[in-house]
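Here the structure comes first, spelled out in structure tokens, and everything after it is commentary.
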Amino acid sequence: QVHVVESGGGLVQAGGSLRLSCAASGTIFSINTMGWYRQAPGKQRELVAGIARGGRPVYVDSVKGRFTVSRDNAKNTVYLQMNSLKPEDTGVYYCNVDHDDQGYWGQGTQVTVSS
């Protein structure tokens with residue numbers, strides 16, 4: 001069983017920055033892709049950024065140049081550095097960990113960007 005926990009959300013003004021962290025724990029053999037998703041009020045959950053083990057990161061167009069995803073394989077942790085935040089970045093951010101071909105979700109962390 002794999003347990004996923006996100007942290008680092010909060011309230012920030014437009015133009016500010018936040019750094020999210022996501023740690024996977026439990027019986028871990030091999031983690032492939034680690035990704036960040038967000039769900040805004042009234043909208044579907046969408047992929048924001050993801051990074052495969054040893055692979056290049058991918059981003060949704062709306063965050064390119066502002067967000068950076070990175071991972072520490074030794075710690076089974078993925079990070080999302082969010083700069084130049086906009087009100088439209090507001091939502092609940094979820095981490096997804098692909099372990100042994102099964103996806104595990106965290107409980108989510110709220111990010112609110114005020115204008």
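Which condition does Ala74 not pass, out of (1) part of a helix (DSSP H, G or I); (2) modelled with pLDDT of 95 or more, if it passes all the others?
Answer for Ala74: the failing condition is (2).
Scan the stretch 18-53 for residues that are in contact with a helix residue (DSSP H, G or I) (Cβ under 7 Å, 6 or more places away or on another chain) and closer than 12 Å to Asp89 by Cα and jot them down.
Across the stretch 18-53, the qualifying residue is only Val48.
Counting only residues that are under 11 Å from Leu18 (Cβ atoms) and among the aliphatic types (A, V, I, L, M), which one in the stretch 86-115 is surrounded by the fewest Cβ atoms within 10 Å (Cβ to Cβ)?
My answer is Val113.
Suppose we filter Gly16, Gly50 for residues that are touching a residue at least 12 places away in the same chain (Cβ under 8 Å), open to solvent by less than 40 Å² (accessible area, probe 1.4 Å) and in a loop (DSSP other than H, G, I, E, B); which single one remains?
Gly16
When you check Tyr37 against the structure, is it under 15 Å from Gln110 (Cα atoms), among the hydroxyl-bearing types (Ser, Thr, Tyr) and out of contact with any Gly (no Cβ under 6 Å at 6 or more places or on another chain), yes or no?
Against the criterion (under 15 Å from Gln110 (Cα atoms), among the hydroxyl-bearing types (Ser, Thr, Tyr) and out of contact with any Gly (no Cβ under 6 Å at 6 or more places or on another chain)), Tyr37 qualifies.
The values are calculated or read from the model by the stated rules, or taken from the named source; none is laboratory data. Given the structure is predicted, the values throughout are model-derived calculations rather than measurements. In this analysis, Cβ positions are derived from the backbone assuming ideal geometry, glycine residues included, and neighbour counts consider all displayed protein chains. Calculation scope for accessible area: heavy atoms of the full protein, side chains included, ligands and nucleic acids excluded. Shrake-Rupley method; radii C 1.70, N 1.55, O 1.52, S 1.80 Å.
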